[in-house]
1. Once the Cα atoms of helix 321-332 and of the chain are each reduced to a long axis, what angle between those two axes, in degrees from 0 to 90 to the nearest 10, is obtained?
2. Can you compute 3J(HN,Hα) from phi for each residue in the stretch 245-257, using the Karplus curve 6.51 cos²θ - 1.76 cosθ + 1.60 with θ = phi - 60°, rounded to whole Hz and x for Gly and Pro?
3. Expressed as a rounded percentage, what relative contact order does the chain have, with Cα pairs under 8 Å and six or more residues apart?
4. Got a sec? Charge dipole of the chain, +1 on Cβ for Lys and Arg, -1 for Asp and Glu; which of G288, F139, A332 is way out at the positive end?
5. With N set to the number of residues, divide the alpha-carbon radius of gyration of the stretch 289-390 by 2.2 N^0.38 Å and report two decimals.
6. K29's amide H: which non-local residues (gap 5+, or another chain) put their own amide H closer than 5 Å, with H modeled 1.01 Å from N in plane and none for Pro or chain starts?
7. How large is Rg over Rh for the chain, taking Rg from the Cα atoms and Rh as the Kirkwood inverse mean of 1/r across Cα pairs?
8. What is the gain in length, in nm to one decimal, between S311 and M1 on full extension, counting 0.36 nm per residue of separation less the C-alpha to C-alpha distance?
Amino acid sequence: MNKTLILNARIFTPGRSSFMGWLLTEDKKIADFGENDVPETLKQSADELIDAQGQNLLPGFIDIHTHGCLGCCTMDADPEKILKIASFHAAHGVTTYLPTTMTAGTETTLRAIRCASEFVGKRGDFAKIAGVHLEGPYFSAAKCGAQDTANIRRADLKECRQFLDAGVVKRISIAPEFPENLAAGDFFLSAGVSVSAGHTNAVYADMVEALNHGFRSVTHLFNGMSGFTHREPGVVGAALTLEDYAVEIICDNIHSHKAAQNLAWRAKGPEKVALITDQIRPSGLADGRYHQADGSEFVVSHNGTELRLPSGVLAGSALTMERGLRNFTANAGAMLEETWRCSSLNAARLIGIDHETGSIEKGKLADLTILDEEFNVKRTIIEGNTIYKK
Ligand SMILES: [Zn+2]
């Protein structure tokens with residue numbers, strides 16, 4: 001049995017506020033942890049000692065909405081590219097993620113699901129893939145964002161069945177204002193898939209109805225949805241006020257203003273916010289102008305943090321999870337003791353993997369991230385093994 005002992009760490013657990021202490025992993029799991037100095041006997045029986053130097057030990061990040069990076073995209077349906085993306089995630093503290101599709105035709109989507117699903121259960125020097133998030137194609141063209149309007153369509157249960165049978169679908173974003181799409185919500189809910197309202201022009205009443213059809217979250221709150229007004233609160237008003245909705249949010253300070261992040265925190269609290277990156281193909285690349293195989297171009301600037309089309313339009317997010325957590329914690333005016341759940345446990349709950357990962361608790365998998373005071377990732381540990389170290 002492989003035993004790793006992490007010493008001198010500030011540990012964040014669900015039960016209480018953070019404390020300085022130690023954590024022991026045995027095999028793939030968290031065997032024990034405690035305050036202050038570690039018992040000498042444990043020290044002697046450990047195979048590996050890691051000195052966390054007083055830094056933060058958090059559950060590994062879980063990103064349930066991310067498309068690609070380093071020039072690669074989930075839609076490429078290329079195993080080598082999936083590995084490249086998954087390694088990039090591990091270097092940013094992510095231990096589990098959902099490769100996320102974009103609105104496309106049936107065959108293209110099926111290929112992407114099949115390819116990503118091949119990695120479910122695989123372990124190596126990369127973040128774990130728990131399954132796929134289908135972002136589309138059952139959206140509202142009125143709120144398409146960067147999604148391809150030509151392929152946006154109403155849900156078709158035959159196609160839903162094909163998607164489900166192609167691999168491991170963990171989550172789907174759907175616009176709930178159409179009856180066919182509500183039926184798809186019922187269908188995916190009954191298959192244990194997490195159903196989220198996204199790219200939607202729904203009114204408040206539609207969002208109340210969607211709760212009856214298994215919708216339990218809102219995809220990238222504020223982006224790609226009807227906004228709040230006092231007479232028609234829209235998707236934003238429903239998401240913020242209906243307790244049963246959790247929210248994804250992109251905290252890059254570009255896709256959502258600092259004050260909007262603060263509002264989300266005030267309305268939803270520490271257990272209903274899941275930070276996502278929504279990274280797309282150019283994220284992680286150095287500043288410059290890039291040409292893609294399909295003839296399109298994009299421009300990366302501001303030290304890799306801004307992605308634009310040559311026209312100047314924002315092309316998507318280049319956020320990483322540790323920066324998202326840093327921004328959100330600051331914008332919420334909260335402590336890391338309150339916000340850590342937003343980068344791990346809340347997402348784990350949404351996709352039904354919280355029984356095995358997402359928090360530091362005895363018996364859960366040792367999926368961990370060590371962050372320094374500035375939220376830089378120092379180490380990523382997956383099932384007890386160090387996958388990334390800086
Ligand atoms: Zn989107």
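1. Rounded to the nearest ten degrees, it is 80.
2. The phi angles translate into 8, 8, 10, 7, 8, 9, 9, 9, 6, 10, 6, 9, 5 Hz.
3. Computed over the chain, the figure is 19 percent.
4. G288
5. Ratio of Rg to 2.2 N^0.38 Å for the stretch 289-390: 1.36.
6. Residues meeting the criterion, in which the H sits 1.01 Å from N, are A366.
7. 0.97
8. Full extension of this stretch gives 106.0 nm more.
Each value in this text was obtained by applying a stated rule to the coordinates, not by laboratory testing. Owing to the predicted nature of the structure, the values given are computational and were not obtained by experimental measurement. So basically every Cβ, Gly included, is an ideal-geometry build from the backbone, and we count neighbours across all protein chains shown.
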